[in-house]
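Heads up, the thing below is written out as structure tokens.
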Amino acid sequence: MSLIWRMFLSTTQNKFLKKIKAIYLKELKELKRDKISRIIVFVVPFVMMIIFGYGMALDVKHIPFTVLDEDKTSLSRELIYKFINNKEYFNFYKYSNSQNEIINLIDKNIIRFGLVIPSNFTERLKNRKTAKVQVLIDGVFPYRADVIKSYVTSMINSFTLEINNIDLSSNLKINVRYWFNENLENIKLTTSGLLAIILFINPAIFASLLIVKEKEYGSIYNIYTSSISKFEYLFGKQLFAVSVSIINFIVEFLLIKYLFGIPFKGNLPLFILSTFLYILVSTSLGLLMSTFLKTQVSAIVGISVIAIIPAFLYSGYLVPVSSMSKEAFIQAHIYPTFYYMNIIKMNYLKGVNINLYTLNSIILLVFYIILFSLTYLLFKKKER
């Protein structure tokens, strides 16, 4: 009896694998023939990484500025040289002769700020009085203006500490170190975080198209009348979408490391595992949407709208989730991008906390089970 049971299981497994293999090879041939699909699958993620990788980097560096030195003393020149010598963040344009000239340079978009040192600057410092300097900042972009203000304030405070001769300056030394992202380089988050965006949008669209295009072309009727089961059909489609998406992940991972120069600090095997789970989630979302959509255009547009908004706004990519309103904070936790973004931060910035990593990975697994189960229940192996 046990021999018969083993033979039955072996035959069933062989049939299952053959059907999965047939679906996989069919999709591979379709991909080779379909130029548009190849562009969507391979070119679009690459272009998104390049465009957003450079375009979303919000680091403010090499700021052009000018100086109006009305004091013309050694102390005023010392303050000016602190700005000029900091070539990573500031780019000295020239000395100006008046405030009107500074305003004119800002209006022409030549400089971002002007530093005005009044004629009584040194005298007031020597008399232990408050010395003021004026900073005229281009405020067209509030974020950039605020960053410039913080840079200038930091430079002036540093200068004040250096020239202060009171005992406190010799006894007290403030050493600031930023944890995880030591140089405060925003590109480390914006570039690595693109993995969460791209691997949520592109695999979902591609997985959806695998089914929707058969509906649009009418070839889905072959599936309706075949002996293949719903699970075999959906699993075979997802297997192909996942394998293609993993290739994209490898390409994007290498771009982040070697083109953008972002070091990977985490555990690579764990990161690959969590990425695999995340791709399962995104492809399951695409399969789920394909049960409602009937044309390729509607699939691309519909999934783009559904996926892009949460991926950018509620993942912690642009704004920390902890600083959001209560409603937005709750909403962020119902999207899988939030949990994969946490995993990205652990691997690229903070280092892996195994407890947090496990929690986020389990949540991704729950997302996959729910989405695939819904797809299985809603997909009908016959036309309604």
Just to verify a number: FRET efficiency for LYS108 and LEU365, C-beta to C-beta distance, R0 = 56 Å, to 0.05? 0.50
Can you compute the charge dipole magnitude of the chain about its Cα centre, using +1 on each Lys and Arg Cβ and -1 on each Asp and Glu Cβ, nothing else charged? Give it in debye, rounded to the nearest 20. 1460 debye
Mean accessible area per residue over the chain (1.4 angstrom probe, all protein chains present, square angstrom) is 55 Å²
Take every Cα pair under 8 Å in the chain that's 6+ residues apart, average their separations, divide by the length, and report that relative contact order as a whole percent. 19 percent
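Quick one: which of LYS32/LYS380; LYS15/LYS380; LYS72/LYS94 span more than 18 angstrom between C-alpha atoms? The partial results should precede the final answer.
Numbers: LYS32/LYS380 28 Å; LYS15/LYS380 21 Å; LYS72/LYS94 15 Å.
From LYS32/LYS380; LYS15/LYS380; LYS72/LYS94, over 18 Å: LYS32/LYS380; LYS15/LYS380.
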Please go through the residue pairs LYS18/LYS230; LYS257/LYS326; LYS149/LYS257; LYS82/LYS345; LYS149/LYS350; LYS26/LYS257 and name each one whose alpha carbons sit more than 26 Å apart in this structure. LYS257/LYS326; LYS149/LYS257; LYS82/LYS345; LYS149/LYS350; LYS26/LYS257
Can you pull the percent of the chain's accessible area that's carbon plus sulfur, 1.4 Å probe, other chains left in place? 63 percent
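If you add up the charges near ILE117, with Lys and Arg at +1 and Asp and Glu at -1, over every other residue whose beta carbon is less than 9 angstrom from its beta carbon, what do you get? Don't skip to the end; give the middle numbers.
Working: positive: LYS72; negative: ASP69, GLU70, ASP71.
Combined, the nearby Lys, Arg, Asp and Glu give -2.
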Would you mind giving the average projected area, over all directions, of the Cα convex hull of the range 63-165 in nm² with one decimal? 6.2 nm²
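As a test of the formula, what do you get for the chain when each DSSP H run with n ≥ 4 contributes -39,500 (n - 2.57) and the sum is divided by the residue count, at 222 nm and rounded to the nearest 500 deg cm²/dmol? Can you show the working numbers first?
Values: 17 runs with 245 residues, N = 384.
Estimated from H runs of four or more residues: -20500 deg cm²/dmol.
Quick one: what do you get for the chain if you divide its Cα Rg by 2.2 N^0.38 Å? Write out the running numbers ahead of the final one.
On the way: Rg = 28.9 Å, N = 384, 2.2 N^0.38 = 21.1 Å.
With N residues counted in the chain, Rg over 2.2 N^0.38 Å equals 1.37.
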Report, please, the projected area of the range 241-309 averaged over directions, based on the convex hull of its C-alpha atoms, in nm². 5.7 nm²
Protection proxy ranking of 334-344, 210-220, 231-241, 83-93 - average other beta-carbon atoms within 10 Å, highest first: 334-344, 231-241, 210-220, 83-93
The range 295-324 and the range 332-384 have their Cα centres apart by a whole-number Å value of 15 Å
Note down the relative contact order for the range 63-165 as a percent, whole number, built from C-alpha pairs under 8 angstrom at least six residues apart. 30 percent
Here the range 180-335 gives, from Cα atoms, an Rg and Dmax in Å of 17.8, 61
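The values are calculated or read from the model by the stated rules, or taken from the named source; none is laboratory data. Given the structure is predicted, the values throughout are model-derived calculations rather than measurements. So basically every Cβ, Gly included, is an ideal-geometry build from the backbone, and we count neighbours across all protein chains shown. Keep in mind that these areas ignore ligands, DNA and RNA; they rest on the heavy atoms of the full protein, side chains included. Shrake-Rupley method; radii C 1.70, N 1.55, O 1.52, S 1.80 Å.
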